[in-house]
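The values are calculated or read from the model by the stated rules, or taken from the named source; none is laboratory data. Please read all numbers here as calculations on a predicted model, not as lab measurements. With ideal geometry, Cβ positions are generated from the backbone for all residues, glycine too; neighbour counts draw on all protein chains shown.
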Ligand code: G6P
């Protein structure tokens, strides 16, 4: 069947709005609601015995890998390294068959990621793939296929595939934790409940579309935009910056909030919007103190947090985007929505070709 934009102006906007449904669809095949457990497709290899994990991907999918590192290390206590695929093979990484190699790819055809997968297999690793296109090369070649059910993604800038990849990564991290005996049934049930809340929370985030559009108009004239986050929200800051660059052609960088004072703070003046991703939770206070450092230097701070966080943050932001209060585990999934919508609305305000940005391809099948 051919795919159209329905009532949406762009595929990207349609795909952003599909996220409550496709994340629910994806989670539906990984969560057993009645048993309150996660479930993975059957496989031969024994995932309880892996010594290390290496995650390889390109672009937006590589940020899923970085968020996965936070989750897998925290819950399953397995060391994780993450590489962009174009670096992985050529740096001669130290690999052995006790490792699990994971590729993350919407298309399943990105040349560098596919080459990295083949390199892992030739080194004897057990391989898994978080892949959206079930008929793709990567889907066929991995030992363990962990499908996302995002449906076809047309917009060149990935949105719904990203949040579905995160949903699978969170399920995988939970499963690895259980297999290593690090998760009680009660803790697993709690994680399953929180993951199950993600689609409704995404829906609540989407309700702020109009506010985000207004903020987009305020920052569309910027030459540079900085994004800050901490913990698992730090890679989301990088994803936010990538989205903005890709479709609005504004230079943007995502930084670990605590690292700002080691460089990017030199860029800050009243012309630089600073997007601060700070859900209330374990890292909140520290991120907010970094926000105040930037606000004191004139940065136009846009704070994305929940009602409690916005209240606790005090003076500083010129605008806030209020998210529902969510468990830290699902925050990167839910906070993807305002980050995507902000890039989208800035691009629309600037009049760029949102679905087909210049020089970019949906699937890069050459190295
Ligand atoms: C291209 C797309 C990005 C995507 C990346 C990886 O650069 O424009 O949106 O993140 O490829 O693609 P994959 O299909 O492997 O996820």
Matching residues in the stretch 87-120 - criterion: being surrounded by fewer than 18 Cβ atoms within 10 Å (Cβ to Cβ), modelled with pLDDT of 95 or more and more than 10 Å from the ligand (Cβ to nearest atom): 87, 94, 95, 96, 97, 98, 115, 118
Residue, surrounded by the most Cβ atoms within 10 Å (Cβ to Cβ), within the stretch 246-269, restricted to residues that are within 16 Å of the ligand (Cβ to nearest atom) and under 16 Å from the mean Cα position of the chain (by Cα): 254
Yes/no for residue 62 being within 16 Å of the ligand (Cβ to nearest atom), in a loop (DSSP other than H, G, I, E, B) and crowded, with 16+ Cβ neighbours inside 10 Å: no
Search result, residues across the stretch 121-160 that are surrounded by fewer than 24 Cβ atoms within 10 Å (Cβ to Cβ) and part of a helix (DSSP H, G or I): 121, 122, 137, 139, 140, 141
Single condition residue 163 does not satisfy, out of (1) surrounded by fewer than 24 Cβ atoms within 10 Å (Cβ to Cβ); (2) within 16 Å of the ligand (Cβ to nearest atom); (3) modelled with pLDDT of 95 or more: (1)
Some residue of the stretch 184-194 being under 22 Å from residue 46 (Cα atoms), in a helix (DSSP H, G or I) and within 16 Å of the ligand (Cβ to nearest atom): no
Qualifying residue in the stretch 338-350 (condition: surrounded by fewer than 18 Cβ atoms within 10 Å (Cβ to Cβ) and either under 25 Å from residue 15 (Cβ atoms) or out of contact with any helix residue (DSSP H, G or I) (no Cβ under 6 Å at 6 or more places or on another chain) (or both)): yes
Residue 47 vs. criteria at pLDDT below 95 and under 23 Å from residue 97 (Cα atoms): yes
